[in-house]
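Computed from the coordinates by the stated procedures, all read-outs in this text should not be read as laboratory data. On a predicted model such as this, the values are computed, not experimentally measured, just so you know. Here the Cβ positions follow ideal geometry from the backbone for every residue, glycine too, while neighbour counts run over all protein chains shown.
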Amino acid sequence: MCLGIPGEIISIEEDDQQMRKAKVRFGGITRDAYLDLVPDAAVGDYVIVHVGFAISKVDAEKAQQTFDLLEEMDKDNALSG
Amino acid sequence: MRYLDEYRDGAAAQKMLRQIARTVTHPWTVMEVCGSHTHALLKYGIDQLLPDELTLIHGPGCPVCVTPVEIIDQAIALATRPDVIFASYGDMLRVPGSGKDLLSVKAEGGDVRMVYSPLDALKLARENPDKKLVFFAIGFETTAPANAMAVFLAERDGVDNFFMLTSHVLIPPAMEAIAAAPANRVQGFLAPGHVCTVTGYTQYETLAAKYHIPIVVTGFEPLDLLQGIYMLVKQLEAGSHEVENQYARSVKREGNPQAQALIEKVFEVIDHKWRGIGVIPASGLRLKGPYARFDAAKALAVESPPSEEAPVCIAGLVLQGVKKPVDCPAFGTACTPEHCLGAPMVSSEGACAAYYLYARREETRA
């Protein structure tokens, strides 16, 4: 129900309801998603899509934090033997 | 796929697991509130890889599971009407009401449609002006903005044959009910990443401070979950009770302001009954003001017989984290995804479905 999938915006248009509609690519699949909840999203951005609406823009810098933590773990463990 | 594959890396997961094992010195009981978390934990076998000291309790975060049987019965009564097209997310179609489910209504000739988005339902209303289109609007805060948008557009464009049967629930009041219960065993929470994408997590800070309980907002991939558990264990071992954000690539502290504004425009907060749990104060949403006329329960006279639950089903205790799905005498026998007695067996977020799908047929330690 709360499934949200990250995908890349490949184009944006306005639909007949005056809403910002994007084509979003999820791997090999492209689907429409509305961008009204993420007004600053642009082509090339990754967004999390839930029931046809993008609910957030993926922050690439913050996404790196998990991998930075893994690297830190390596260093700590090397030090502690 | 970017932002998915790298969070499913086996070697990185092993590393995170070793770090969790190194950090744990005491037994801890933590709850993943969200049903999508439960499914991911079982799908990737994380529940079986964690150190023995850690016990996971599955929370009530499955909107399909907690929709009251009375509202399912109302949905069935509406779907049966010849002047109604009933549109729903697929998950709801096989949830048992007192007598039958929505899929049986469809089999008997009712016009029941499965939709992917509330705007698909609105489109059906525009295309069928001679019918009443009723959309089954269920969900947590993640889904509320999309459902709110459908009603907002219906009002703006005068789509007067569009109605919503709502059963919208809110996560923080449910977490508070769990934390405040005298028999509570939960010492830390993994909070749902997509709910917090919409709402932010300031409300969770209030909960953490009030109940001295650490909370980590967590994503849905295996590495996200392991990192979330690691962060939670570190706090538990240190005796701290902060709100931390593991899923920062999607969640901001203040959440999504556009989504929140839309929810506030269309909905108001009410006390709400959770199936199997009971009424939780200020834990639901209903349409308000100029949008109330789209409320199917009010606008269309719905009559359904008194509701009844299957007596053998222990869904309520499973949803409260008191029992595991395998503790149920009907699990995997009288109750399977093909023919179920309780909603947690058919929902893609239900704990019973997760145990059935990922072959946890016996009590496991986690």
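Report the equivalent ellipsoid semi-axes for chain B in whole Å, largest first, defined as the square roots of five times the eigenvalues of the gyration tensor built from alpha carbon atoms. Let's see the in-between values first.
On the way: eigenvalues 249, 109, 65 Å².
Each semi-axis is √(5λ); the values are 35, 23, 18 Å.
For the stretch A:5-80, the relative contact order comes to 25 percent (Cα pairs under 8 Å, sequence separation of at least 6).
The shape of the protein assembly as shown can be summarised by an equivalent ellipsoid whose semi-axes, obtained from the alpha carbon gyration tensor, come to 35, 27, 19 Å from longest to shortest.
So what is the relative contact order for chain B, in percent, with contacts set as C-alpha pairs under 8 Å and at least six apart?
Values: 732 pairs, mean separation 85.3, N = 366.
Relative contact order for chain B comes out at 23 percent.
For peptide B:110-119, how many partner chain Cβ atoms fall within 10 Å of a residue's Cβ, on average?
Values: counts 0, 0, 0, 0, 0, 2, 4, 9, 3, 9.
Across the residues of B:110-119, the mean count of other-chain Cβ atoms within 10 Å is 3.
Answer rounded, prolate or oblate for the stretch B:119-187, using the Cα gyration tensor with square roots of eigenvalues a ≥ b ≥ c: rounded when a/c is under 1.5, else prolate when a/b is larger than b/c, else oblate. Taking the square roots of the gyration eigenvalues as a ≥ b ≥ c, the stretch B:119-187 is prolate. One equal scatterer on each Cα of the stretch B:301-365, no solvent, Debye formula: the resulting log10 I(q)/I(0) at q = 0.12, 0.20, 0.21, 0.22 Å⁻¹ is -0.30, -0.72, -0.78, -0.85.
Take each residue of peptide B:144-150, count the partner chain Cβ atoms within 10 Å of its Cβ, and average: the result is 4. Identify, among B:Ala40, B:Ala11, B:Tyr89, the residue whose Cα sits farthest towards the positive end of the charge dipole of the stretch B:1-119, taking +1 on the Cβ of Lys and Arg and -1 on the Cβ of Asp and Glu, with the dipole about the Cα centre. The residue sitting farthest along the positive end of the dipole is B:Ala11. Of the residues A:Ile55, B:Val112, B:Ser283, the one whose Cα sits farthest towards the positive end of the charge dipole of the protein assembly as shown is B:Val112 (charges of +1 on Lys and Arg Cβ, -1 on Asp and Glu Cβ, taken about the Cα centre).
Any idea what the dipole of chain B comes to, in debye rounded to 20, about its Cα centre with Lys/Arg Cβ at +1 and Asp/Glu Cβ at -1? List each step's numbers first, then the result.
Details: 34 positive and 41 negative charges, 63 e Å.
It comes to approximately 300 debye.
In terms of surrounding Cβ atoms within a 10 Å radius of their Cβ, B:Glu244, B:Glu308, B:Glu32 rank from fewest to most as B:Glu308, B:Glu244, B:Glu32.
Once every DSSP H run of n ≥ 4 in the protein assembly as shown is given -39500 (n - 2.57) and the sum is divided by its residues, what mean residue ellipticity at 222 nm do you get, rounded to the nearest 500 deg cm²/dmol?
Details: 18 runs with 163 residues, N = 447.
It lands at -10500 deg cm²/dmol.
Pairwise Cα distances in the stretch A:5-80 exceed 19 Å in 43 percent of cases. The charge dipole of the stretch B:243-366, taken about its Cα centre with unit charges on the Cβ of Lys, Arg, Asp and Glu (plus for the first two, minus for the last two), comes to roughly 380 debye.
Per residue, the convex hull spanned by the Cα atoms of the stretch B:29-140 amounts to 114 cubic angstrom. The modelled label-to-label distance between B:Ala209 and B:Leu49, using points 7 Å beyond Cα along the C-beta direction, is 3.7 nm. In whole Å, what is the distance between the alpha-carbon centres of the stretch B:275-309 and the stretch B:104-155? For the stretch B:275-309 versus the stretch B:104-155, the Cα centre distance is 16 Å. Here is the short version for the protein assembly as shown: A:Cys2, B:Cys34, B:Cys196, B:Cys313, B:Cys328, B:Cys335, B:Cys340, B:Cys352 have no other Cys C-beta closer than 4.7 Å.
What's the exposure ranking of B:Tyr211, B:Tyr356, going from fewest to most Cβ atoms within 10 Å?
B:Tyr211, B:Tyr356
Report the percentage of all Cα-Cα pairs in the stretch B:79-142 whose separation exceeds 19 Å, rounded to a whole percent.
Details: 576 of 2016 pairs.
Roughly 29 percent, rounded to a whole number.
Listed from fewest to most Cβ neighbours within 10 Å, the set B:Phe294, B:Phe152 follows the order B:Phe152, B:Phe294.
Any of B:Lys43/B:Lys324; B:Lys106/B:Lys131; B:Lys106/B:Lys298; B:Lys265/B:Lys298; A:Lys75/B:Lys252 with alpha carbons more than 21 Å apart? Name them for me. Exceeds cut-off: B:Lys106/B:Lys298; A:Lys75/B:Lys252.
According to the square roots a ≥ b ≥ c of the eigenvalues of the Cα gyration tensor, what is the shape class of the stretch B:170-252, taking rounded for a/c under 1.5, prolate for a/b larger than b/c otherwise, and oblate for the remainder? Oblate shape, in that a/c is at least 1.5 and b/c is the bigger or equal ratio.
Residue by residue through A:58-68, how many Cβ atoms from other chains fall within 10 Å of the Cβ on average? Don't jump to the answer; show the numbers that get you there.
On the way: counts 4, 5, 3, 2, 7, 9, 3, 6, 14, 5, 0.
Mean number of neighbouring Cβ atoms from other chains: 5.
Treating only the Cβ of Lys, Arg, Asp and Glu as charged (+1, +1, -1, -1), what charge dipole size does the protein assembly as shown show about its Cα centre? Round to the nearest 20 debye.
Here the protein assembly as shown has a charge dipole of around 420 debye.
Reducing the stretch A:59-81 and the stretch B:9-48 to their Cα centroids gives an inter-centroid distance of 18 Å.
When peptides B:333-340, B:132-139 are sorted by average Cβ neighbour count within 10 Å, with the highest value leading, the order is B:132-139, B:333-340.
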